[in-house]
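The values are calculated or read from the model by the stated rules, or taken from the named source; none is laboratory data. Predicted, not measured: the structure shown is a model, and the values here were computed from it. Cβ atoms come from the backbone with ideal geometry, glycine included; neighbour counts cover every protein chain shown. Ligands, DNA and RNA are stripped out before the accessible areas are found, and what is left, the full protein with its side chains, is counted by its heavy atoms. Shrake-Rupley method; radii C 1.70, N 1.55, O 1.52, S 1.80 Å.
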Amino acid sequence: MGEEVKLFRSWSSPFALRIVWALEIKGIEYEAVFEDLSNKSPLLLQYNPVHKKIPILVHNGRPIVESFVILEYIDETWKQAPLLPEDPYERAMARFWAKFCEDKVLISIWSAFIKQGKEQEEAMVAATENLKFLEKEMKGKKFFGGERIGYVDLTLGWLANLGSIFEEIVGLKIVDEEKFPLLYSWMQDFAEAPIIRDNWPPRDKMIVKFQALLDAAIASSSSSSSSSK
Amino acid sequence: MFLSVFFFLTGKLREMLPLHINQKLRKKEMGEENKVTLYGMWASPFVRRVKIALKIKGIPYEYVEEDLRNKSQFLLQYNPVHKKVPVLVHNGNPIAESLIILEYINETWKNGPKILPEDPFERAKVRFWADFLQQQFLDSLRSATKSSGEAHEKAMKDVFEKLTVFEEGTEGFFPNGTPHFEGENLGFLDIVLCSLFGSHKVGEEALAMKIIDPERHPLIHSWVTAMNELPVVKETLPPHDKMVSFIQSLRGNSLD
């Protein structure tokens, strides 16, 4: 049939990792093109002129961008091992929770990691509130998708890796096992699933990268006169 | 007809039925089966998207106007996470987030015009640009409404730059180059564009400035103009003067 599938990604991007997982889960053969984001290739700029970002899926020469759009495209094009449920209401719920994970959970946890002082405290409060909703949603399920990993799991999957990395760097316990037992065990189950486990970026490299990001953020906030203390 | 026999069953016998049949009976009795309710607010462009989609599909629904300063128990129960409108309730099941509701409508009611294209690549294009409209304009439009002077100029500059990206990116979307709609066949992207910029004249009057300039953005201008001719769009347009006052009051409250 001559299917050509390429994925433009970086070594560490959690957004691109979602697409890696989706392709692997469905057993789709693809070529990974690793981009140096400080030196973007002409091809990247040609395929994603609007946002100039990865991930980009190129299927038979046609580019699709934005990780959620790519995931839906993959699910609609390759029908095996579905990521989204079949029932329209269940699909709507999956899309709702994926959006919640992206717009609220990710933003609040990132802020809890990267910010300082009062902003950090407020971010932790928001993150805790958001996680409570997720904990409730997990009742009676192994994964958000049920017995198998699905759309919402792929969206939140970064947490199963970065959660412990953030904890190691700033000593911040984001998903406390006592407060969020279901989420905590989800993180273990997800991280240990073969496809997921085999595709994590190198941990030591990740720690160096995120420590550097944090150092830069601290440096720029203490040099600005408007920060307190 | 078969089901009506069961209406006379006593409680104990009913309990012996499989759960899903029991639920179906209950919903039929409550008149909830296939019942569609939309919780909204008259000025919300997000609610308008859902109204347009429901009209295109010819789906009868009950509309409930919410006072967002005094949200109803129903709204808080149906959307506990965000506590926002629109919320669509179908068969007692609530769905929140306007774009998610549009996808749900498309997948649930198979009759009538398709809101999303069938082809996955075409769908991806439409979802991408709808997401662009959704993500790129709201902050700047809000900021422009609530500010004046330099801050306002900066916000509007951002809006115009992004309109240009949209204009250029959607260049090949219409076969003849000119936006044209058969009957009421608005799609996902059309609906989102219409909800954000369709009533640009209202915003222009309220803020005394041009938002969609036919010289700057001819495609977008002719696109929204073509949509504004359609009955389904006209019927969902909030009253002009009421909208102008509303935007002006948003602005007035912030500039004090």
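Among the residues of the range B:236-245, what is the count of those that are open to solvent by 80 Å² or more (accessible area, probe 1.4 Å) and assigned to a helix (DSSP H, G or I)? Outline the logic, then answer.
Of the range B:236-245, the ones open to solvent by 80 Å² or more (accessible area, probe 1.4 Å) are B:237, B:241-242.
Cutting the leftovers down to assigned to a helix (DSSP H, G or I) gives us B:241-242.
Qualifying residue count, the range B:236-245: 2.
Which is assigned to a loop (DSSP other than H, G, I, E, B), within 14 Å of another protein chain (Cβ to nearest Cβ) and over 12 Å from A:Tyr151 (Cβ atoms), of A:Val50, A:Val58? Reasoning before the result, please.
Working: A:Val58 fails: assigned to a loop (DSSP other than H, G, I, E, B).
The conditions single out A:Val50.
Does the range B:103-126 contain at least one residue that is among the polar types (S, T, N, Q) and free of Cβ contacts under 8 Å to residues at least 40 places away in the same chain? Explain how you work it out, then say what you get.
If we filter the range B:103-126 for residues that are among the polar types (S, T, N, Q), which is where we start, we get B:106, B:108, B:111.
When the remaining residues are screened for being free of Cβ contacts under 8 Å to residues at least 40 places away in the same chain, the result is B:108.
Yes, the range B:103-126 contains a residue that is among the polar types (S, T, N, Q) and free of Cβ contacts under 8 Å to residues at least 40 places away in the same chain.
Is one or more of the residues making up the range B:186-209 out of contact with any Gly (no Cβ under 8 Å at 6 or more places or on another chain), within 14 Å of chain A (Cβ to nearest Cβ) and surrounded by fewer than 19 Cβ atoms within 10 Å (Cβ to Cβ)?
No, because not a single residue in the range B:186-209 is out of contact with any Gly (no Cβ under 8 Å at 6 or more places or on another chain), within 14 Å of chain A (Cβ to nearest Cβ) and surrounded by fewer than 19 Cβ atoms within 10 Å (Cβ to Cβ).
Test each condition in (1) touching a residue at least 60 places away in the same chain (Cβ under 8 Å); (2) surrounded by fewer than 18 Cβ atoms within 10 Å (Cβ to Cβ); (3) not basic (Lys, Arg) for B:Val233 and report the one that comes out false.
Status for B:Val233: all satisfied but (2).
Look at the range B:84-127 and say how many of its residues are part of a loop (DSSP other than H, G, I, E, B) and either within 11 Å of another protein chain (Cβ to nearest Cβ) or under 25 Å from B:Glu171 (Cα atoms) (or both).
Selection size over the range B:84-127: 12.
For the range A:51-64, which positions are of a type in the set (A, V, I, L, M) and touching a Lys or Arg at 6+ places or on another chain (Cβ under 7 Å)? Full working, then the answer.
Filtering the range A:51-64 down to residues of a type in the set (A, V, I, L, M) leaves A:54, A:56-58, A:64.
Answer for the range A:51-64, where residues must be of a type in the set (A, V, I, L, M) and touching a Lys or Arg at 6+ places or on another chain (Cβ under 7 Å): A:Ile54, A:Val58.
Using the structure shown, decide if B:Ile59 is in contact with a strand residue (DSSP E or B) (Cβ under 7 Å, 6 or more places away or on another chain) and facing chain A (nearest Cβ under 10 Å).
Values: in contact with a strand residue (DSSP E or B) (Cβ under 7 Å, 6 or more places away or on another chain): yes; facing chain A (nearest Cβ under 10 Å): no.
When the stated conditions are applied, B:Ile59 does not pass them.
Output the residues belonging to the range A:106-152 that are touching a residue at least 60 places away in the same chain (Cβ under 8 Å) and either within 17 Å of the chain's Cα centre (by Cα) or loosely packed, with under 13 Cβ neighbours inside 10 Å (or both).
If the condition is that a residue be touching a residue at least 60 places away in the same chain (Cβ under 8 Å) and either within 17 Å of the chain's Cα centre (by Cα) or loosely packed, with under 13 Cβ neighbours inside 10 Å (or both), then A:Ile109, A:Ala112, A:Phe113, A:Ile114, A:Gly117, A:Lys118, A:Gly145, A:Ile149, A:Gly150, A:Tyr151 are the ones that fit.
Look through the range B:61-79, keep the residues that are in contact with a helix residue (DSSP H, G or I) (Cβ under 8 Å, 6 or more places away or on another chain) and in a loop (DSSP other than H, G, I, E, B), and return whichever of them is farthest from B:Ser44 (Cα to Cα).
B:Tyr61
Quickly run through the range A:83-101 and pick out the residues that are under 17 Å from the mean Cα position of the chain (by Cα) and open to solvent by 40 Å² or more (accessible area, probe 1.4 Å).
The one that is under 17 Å from the mean Cα position of the chain (by Cα) and open to solvent by 40 Å² or more (accessible area, probe 1.4 Å): A:Lys99.
With B:Val202, B:Val224, B:Val192 as the choices, which residue is part of a helix (DSSP H, G or I) and within 26 Å of A:Asp103 (Cβ to Cβ)? Break it down stepwise before answering.
Values: B:Val202 fails: within 26 Å of A:Asp103 (Cβ to Cβ); B:Val224 fails: within 26 Å of A:Asp103 (Cβ to Cβ).
On inspection, the qualifying residue turns out to be B:Val192.
Within the range B:74-83, which residues are away from chain A (no Cβ under 11 Å) and of a type outside the set (A, V, I, L, M, F, W, C)? Quick ask: steps written out before the conclusion?
Kept after step one, since they are away from chain A (no Cβ under 11 Å), are these residues of the range B:74-83: B:74-78, B:83.
Scanning the range B:74-83 gives B:Gln77, B:Tyr78, B:Lys83.
Does A:Glu86 qualify as being without any contact (Cβ under 8 Å) to a residue 12 or more places away in the chain and closer than 30 Å to B:Phe121 by Cα? Break it down stepwise before answering.
Details: without any contact (Cβ under 8 Å) to a residue 12 or more places away in the chain: yes; closer than 30 Å to B:Phe121 by Cα: yes.
The answer is yes for A:Glu86.
When A:Phe210 is evaluated against the numbered criteria (1) open to solvent by 20 Å² or more (accessible area, probe 1.4 Å); (2) at pLDDT 95 or above; (3) assigned to a helix (DSSP H, G or I), which criterion, by number, is the only one it fails?
Condition (1) is where A:Phe210 drops out.
Quick check on my filter: what residues within the range B:128-153 are among the small types (Gly, Ala, Ser) and either part of a helix (DSSP H, G or I) or within 12 Å of chain A (Cβ to nearest Cβ) (or both)? Explain how you work it out, then say what you get.
Going residue by residue through the range B:128-153, those that are among the small types (Gly, Ala, Ser) are B:130, B:140, B:143-144, B:147-149, B:151.
Result: B:Ala130, B:Ser140, B:Ser143, B:Ala144, B:Gly149, B:Ala151.
Would you mind finding the one in A:Ala98, A:Ala81, A:Ala92 that is at pLDDT 95 or above and in contact with a strand residue (DSSP E or B) (Cβ under 6 Å, 6 or more places away or on another chain)?
Numbers: A:Ala98 fails: in contact with a strand residue (DSSP E or B) (Cβ under 6 Å, 6 or more places away or on another chain); A:Ala81 fails: in contact with a strand residue (DSSP E or B) (Cβ under 6 Å, 6 or more places away or on another chain).
A:Ala92 is the lone residue from the list that is at pLDDT 95 or above and in contact with a strand residue (DSSP E or B) (Cβ under 6 Å, 6 or more places away or on another chain).
Identify, please: which residue in the range A:61-103 is under 30 Å from B:Leu163 (Cβ atoms) and either out of contact with any helix residue (DSSP H, G or I) (no Cβ under 8 Å at 6 or more places or on another chain) or part of a loop (DSSP other than H, G, I, E, B) (or both) and is, among those, nearest to the other protein chains (Cβ to nearest Cβ)?
Restricting to residues being under 30 Å from B:Leu163 (Cβ atoms) and either out of contact with any helix residue (DSSP H, G or I) (no Cβ under 8 Å at 6 or more places or on another chain) or part of a loop (DSSP other than H, G, I, E, B) (or both), the top hit is A:Glu66.
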